[in-house]
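Read-outs: derived from the displayed coordinates by stated rules, not from any lab. Since the model is a prediction, treat every value here as computed from it, not as a measurement. Cβ: placed from backbone, ideal geometry, glycine included. Neighbour counts: every protein chain shown.
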Amino acid sequence: MRFTLNGVATDVAAHPMKRLLDVLREECGLTGTKEGCGEGECGACTVLVDGVTVCSCIVPFGQAQDADVVTIEGLGNAHGLQQAFMDEVGAQCGICTPGMVVAASVLNEDPSLEEIRVGLAGNLCRCTGYAAIYRAILSSARAGKA
Amino acid sequence: MKTALSTLEMRRATSVAEALEILRDEPRMPIAGATDVYVGLNFGTLPELRYLDIWALDELRTITVNEDVLVLGALATYTMMVASALVQERLPMMIEAARQVGGPQIQNRGTIGGNIANGSPAGDSLPVLAACDAVVVLQSAGAERRVKFTEFYTGYRKTVMRRDELVVAVEVPRVSGRQWFRKVGTRAAQAISKVVVAGVRGEGARIAVGSIAPTVIRLTATERALATGSLDEAMVALRGEVNPIDDIRSTADYRKRVTENLVRRFWTETA
Ligand SMILES: Cc1cc2nc3c(=O)[nH]c(=O)nc-3n(C[C@H](O)[C@H](O)[C@H](O)COP(=O)(O)OP(=O)(O)OC[C@H]3O[C@@H](n4cnc5c(N)ncnc54)[C@H](O)[C@@H]3O)c2cc1C
Ligand code: FES
Ligand code: FES
């Protein structure tokens, strides 16, 4: 089945009902996307499909046909958000981090704290208490403007 | 995923006509945004083995106004509704409801058709549709029928929809009066605490409540009392017609109290 993965045309043979999450991790070897709850609640498995966030643990692979899929790997290793998460210590165990960064990557360029809260409402973190995550996103937006 | 993949099979339809032919020839469970279906599959609690992917049916991904009726295509997502000027203008209580569904990931994928067909009494769009006297449009191969939303459910997660039918749209006639929506309780705790109320205050009152009965219900006696009497009389009527789901006793009492408080707030806030 054909789709675009992190900007590259890709063809993967897998069961159409396999979870997109498992195809990304197993068939495509992209293990940056994590599984937390496996029921759509925690957002650890967040990826972009056609530019919007989805929980890849509840998306059948067949629904990614012809779609444009972007994972945490697709943001590259030097994305401003990634640096900001490190600088502000926005990660502890790190399971939620890839999903947080992907969700934050589609916020507007200069989000308010409230917009960050709403935009990340589908991403749970059981370690940081969120403050450092919000700080990281705010500082990344500031750095982007500077 | 707890369900064994090797036992499952899915076909992908590329047009509504093709989907309806497939359903005519063999029963299959439709999958729209998959936000309910895949939670079931991940838990291993869905007995279905054969599925029909309808996500690609762009014909159903529409929000339009036709002869003064707002038509929400079955694949309209919560995100689409929140962004729609037509929904904002005609059905602002749906926007309130949609904003409170899950997080952005769920709003991007979850559809109005899925919420209706899934039929959970806790579905947040359902009280909105019941309060505005919406009509569900069902299609099967070569046929179409319209069912009043308030007659769509026949029991707990039971509907009048046949297995060869799809929900293709829901129609909302123009709503006159003030619209009001409240959801109480978090999803995590919804089994014991959630109550959803949608109300319209125009000539009279139209009030629908979710999560307190096997299906979404209209409070018809309360509506009548509000139209002709006082709020206190309406509360007596409400206590008479609301019999929350009978699980743990205190829970039923709690739900009744919350419903009363919400209806009071609806009436005072829309005065
Ligand atoms: C983390 C999380 C949070 C959630 N929070 C909420 C919430 O706050 N409020 C709420 O109401 N819901 C919530 N849900 C449930 C779910 O997102 C909604 O019910 C959603 O609207 C379902 O739409 P869907 O397209 O994903 O349905 P699917 O999962 O694709 O389908 C659901 C059911 O409807 C049937 N179906 C779907 N479309 C059609 C159609 N066009 N014709 C006939 N049958 C059809 C399917 O066969 C299936 O039985 C949540 C789910 C998750 C995972
Ligand atoms: S693992 Fe997908 S939402 Fe938690
Ligand atoms: S850092 Fe551990 S869950 Fe967020």
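The spacing between the stretch A:1-61 and the stretch B:97-132, judged by their C-alpha centroids, is 24 Å. Straight-line reach from B:Lys158: which lysines have Cα under 20 Å away, leaving out those fewer than 8 places along the same chain? Of all the lysines, those that pass the test against B:Lys158 - Cα under 20 Å, at least 8 places apart if same chain - are B:Lys148.
Annotation: lysines with alpha-carbon distance below 22 angstrom to B:Lys2 (same-chain offsets under eight excluded): A:Lys18, A:Lys34. Comparing B:Tyr153, B:Asn108, A:Gly51 along the charge dipole axis of the protein assembly as shown, the residue lying farthest to the positive side is B:Tyr153, per the Cβ-charge model.
Note on the stretch B:58-173: with charges restricted to the Cβ of Lys and Arg (+1) and Asp and Glu (-1), its dipole about the Cα centre is near 440 debye. Taking amide H atoms as placed 1.01 Å from N in the peptide plane, the amide H of B:Met10 lies under 5 Å from those of B:Tyr51, each 5 or more residues away in sequence or on another chain.
DSSP assigns beta bridges within the protein assembly as shown; of those with both partners inside it, close to 85 percent run antiparallel. Each Lys and Arg adds +1 at its Cβ and each Asp and Glu adds -1 at its Cβ; summed about the Cα centre, the stretch A:72-129 shows a dipole of about 280 debye.
Using alpha-carbon pairs under 8 Å, 6+ residues apart, how would you state the relative contact order of chain A in percent?
25 percent
Ranking A:Gly99, A:Ser139, A:Pro111 by how far each Cα lies toward the positive end of the dipole of the stretch A:81-145 (charges on Cβ) leaves A:Gly99 at the top.
Of the GluC sites (Glu not before Pro) found in the stretch A:63-146, those in coil by DSSP whose Cβ has at most 14 other Cβ atoms within 10 Å are A:Glu109.
Farthest towards the positive end of the charge dipole of the protein assembly as shown, among the residues B:Val137, A:Gly90, B:Ala213, is the Cα of B:Ala213, using unit charges on the Cβ of Lys, Arg, Asp and Glu.
Computed over neighbours whose Cβ is under 12 Å from that of A:Cys45, the net charge equals -1, Lys and Arg +1, Asp and Glu -1.
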